[in-house]
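The values are calculated or read from the model by the stated rules, or taken from the named source; none is laboratory data. Fair warning: this is a prediction, and the values are worked out from it, not measured in the lab. Cβ placement follows ideal geometry from the backbone for every residue including glycine, while neighbour counts extend to all protein chains displayed.
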Amino acid sequence: MANSDRQAALERRRQLVVEQWNLEQEVVLVRSGQALSIAGSDLHHEFRPHPDFAYLAGYGVPESVLAYDAKARQWQLFGPRSTADDMVWHQPANEIGLPVDDLDDWLGSRERQPLIEGWDDRKIQSGIAETRLQKDELELSALRSAAVTSEAGFSWVYENARVGMTEREIQIGIEAEFFRAGAVRTAYPSIVASGPNGAYLHYVYGQDDSLNPATRTIQKGELLLIDAGGEFGGYASDVTRTMVVGDEPTDVQSFLWQVVFRAQELAIDRCRPGEEWREVHLDSARVIGSGLVELGILRGEVDALVASGAVALFYPHGLGHLIGLTVHDAGGYPLGREPGSHPQSRYLRTDRTLEAGMITSVEPGVYFIDAILADPSVRQQFEAEVVWDAVDPLRGFGGIRIEDDIHVTNDEPEVLSGAIAKPLRIG
Ligand code: GLY
Ligand code: MN
Ligand code: MN
């Protein structure tokens, strides 16, 4: 994309944000943030700019500020400058805008100071979040490129993953392909979970012990759940595939995989302007619930099983979330809507009416999670609805999730990750 297009996109975003803010005389500072120290060391964690700054400034430079003077209707960017000593150790800072050391003088020269009693930051943040909801062409281009990097990684898995490999080997392989295809980093810690590990929704390498992390060898006929994606130009891709490795799927693996697949297909088709995301989510729970009844794991009427929280025992998370500069993007809940406490919806990251231009993940799943299923109070509470004799042999089964990234349009939903195959079996 030409530089002039990029500049035009940034100006348009700022204009949209100004309309959302509707300010008269305030000065707003949007900061990129600074690199965080690693405890007990003189090193720093990898820097990630605040996404609001990245969105409005188009840069990922630490210690930078984008200022807006409402009275003068003027934006001004401030960035760091390197000293000679800095440049002995690091390449010089990208010289953006005015030197950040000039910020105080610039503020002093404004007719109004930024300090306002009773100032409500949420209005400013929500103004940016509302604008970030609908992706512009520059963003869509980055999101599509991010999905291409993910496709390269999953293709490597389909061709190379075998029984006897470790989760770590798969992680290294898939991430190497993301990077080779242009990803700057992974969009989030890759989840490569074999067998029973697939029942931890966010199973990640090293979380057990960062000094001596465990990895597991994939066994014949086990499920392998991979939730991973590349990041491109600051934009995330978030993809999950689950497959049986090295053997024909069992009837139960195949049946539950098809249930999740069907729930996903129906939900993707609902990614259209005007749909209430909460309703799409609850309908996906009904599809999963019907499958669990058919399999003999739940008994009763599906609406009642969703309402009681019985389906949530096996599908505890939300159907999906907004995606953009962060994998769980801003604006999931508009001002005035709060996450509820119902078990089927308490982890729902988005509660909005869908609009053209939004990007959402669609990621239904079914899991056999010991922390839930072994709890005596849960077993007692759901005695009538759950066939525990059918459930217990499946503890250790792991989980099945299928996830794609959808662009809501005024036409058919665009599946950004749609080129990534969904094999039920590999290896
Ligand atoms: N990869 C995290 C998620 O799917 O939300
Ligand atoms: Mn994911
Ligand atoms: Mn996701």
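Miscellaneous remarks
- Exclusive hit being within 16 Å of ligand 3 (Cβ to nearest atom), within 29 Å of residue 416 (Cβ to Cβ) and crowded, with 16+ Cβ neighbours inside 10 Å, set 315, 347: 315
- Filtered residues of region 145-187 (kept if within 16 Å of residue 223 (Cα to Cα) and among the hydroxyl-bearing types (Ser, Thr, Tyr)): 158, 166
- In region 190-211, residue farthest from the chain's Cα centre (by Cα) [restricted to those that are within 16 Å of ligand 3 (Cβ to nearest atom) and part of a loop (DSSP other than H, G, I, E, B)]: 200
- Evaluating residue 339 against the criteria (1) within 16 Å of ligand 1 (Cβ to nearest atom); (2) modelled with pLDDT of 95 or more; (3) of a type outside the set (Phe, Trp, Tyr); (4) surrounded by fewer than 20 Cβ atoms within 10 Å (Cβ to Cβ) leaves one unmet condition, (2).
- Of the criteria (1) touching a helix residue (DSSP H, G or I) at 6+ places or on another chain (Cβ under 6 Å); (2) part of a strand (DSSP E or B), which one residue 242 fails: (1)
- When residue 326 is tested against (1) within 16 Å of ligand 3 (Cβ to nearest atom); (2) of a type outside the set (D, E, K, R); (3) crowded, with 18+ Cβ neighbours inside 10 Å; (4) free of Cβ contacts under 8 Å to residues at least 60 places away in the same chain, exactly one condition is not met: (4).
- Within region 164-186, tally of residues that are over 23 Å from residue 427 (Cα atoms) and crowded, with 22+ Cβ neighbours inside 10 Å: 2
- Residue among 260, 293, 306, 252 that is in contact (Cβ under 8 Å) with a residue 40 or more places away in the chain, outside any loop (DSSP other than H, G, I, E, B) and more than 22 Å from the chain's Cα centre (by Cα): 252
- Cβ-Cβ under 6 Å pairs, at least 6 apart or on other chains, region 202-223 side away from ligand 1 (no atom under 16 Å from the Cβ), far side among the charged types (D, E, K, R): 214/208; 215/167; 215/168; 216/167; 220/247; 221/247
- Candidates 92, 189 - the one that is without any contact (Cβ under 8 Å) to a residue 24 or more places away in the chain and surrounded by fewer than 14 Cβ atoms within 10 Å (Cβ to Cβ): 92
- Number of the condition not met by residue 19 [criteria: (1) buried (at least 19 other Cβ atoms within 10 Å of the Cβ); (2) on the phi < 0 side of the Ramachandran plot]: (1)
- Restricting region 275-290 to residues that are in a helix (DSSP H, G or I) and of a type outside the set (A, V, I, L, M, F, W, C), the residue that is farthest from the chain's Cα centre (by Cα) is 290.
- Restricting attention to region 212-251 and to residues that are of a type in the set (D, E, K, R), away from ligand 3 (no atom under 16 Å from the Cβ) and touching a Gly at 6+ places or on another chain (Cβ under 6 Å), the residue that is farthest from residue 418 (Cα to Cα) turns out to be 220.
- Qualifying residue in region 401-411 (condition: modelled with pLDDT of 95 or more, among the basic types (Lys, Arg), touching a helix residue (DSSP H, G or I) at 6+ places or on another chain (Cβ under 8 Å) and surrounded by fewer than 23 Cβ atoms within 10 Å (Cβ to Cβ)): no
- Unique match (being within 16 Å of ligand 2 (Cβ to nearest atom) and small (Gly, Ala, Ser)) among 396, 418: 418
- Residue in region 334-353 that is in contact with a Pro (Cβ under 7 Å, 6 or more places away or on another chain), away from ligand 2 (no atom under 16 Å from the Cβ) and under 26 Å from residue 251 (Cβ atoms) present: no
- Counting only helices (runs of 4 or more DSSP H) that sit wholly inside region 1-119, those with at least 2 residues that are among the small types (Gly, Ala, Ser) are 3-21, 51-57.
- Enumeration of residues in region 367-388 that are in contact (Cβ under 8 Å) with a residue 60 or more places away in the chain, crowded, with 16+ Cβ neighbours inside 10 Å and under 21 Å from residue 195 (Cα atoms): 367, 368, 369, 373
- Hits in region 130-189 - residues which are in a strand (DSSP E or B) and either on the phi > 0 side of the Ramachandran plot or away from ligand 3 (no atom under 16 Å from the Cβ) (or both): 166, 185
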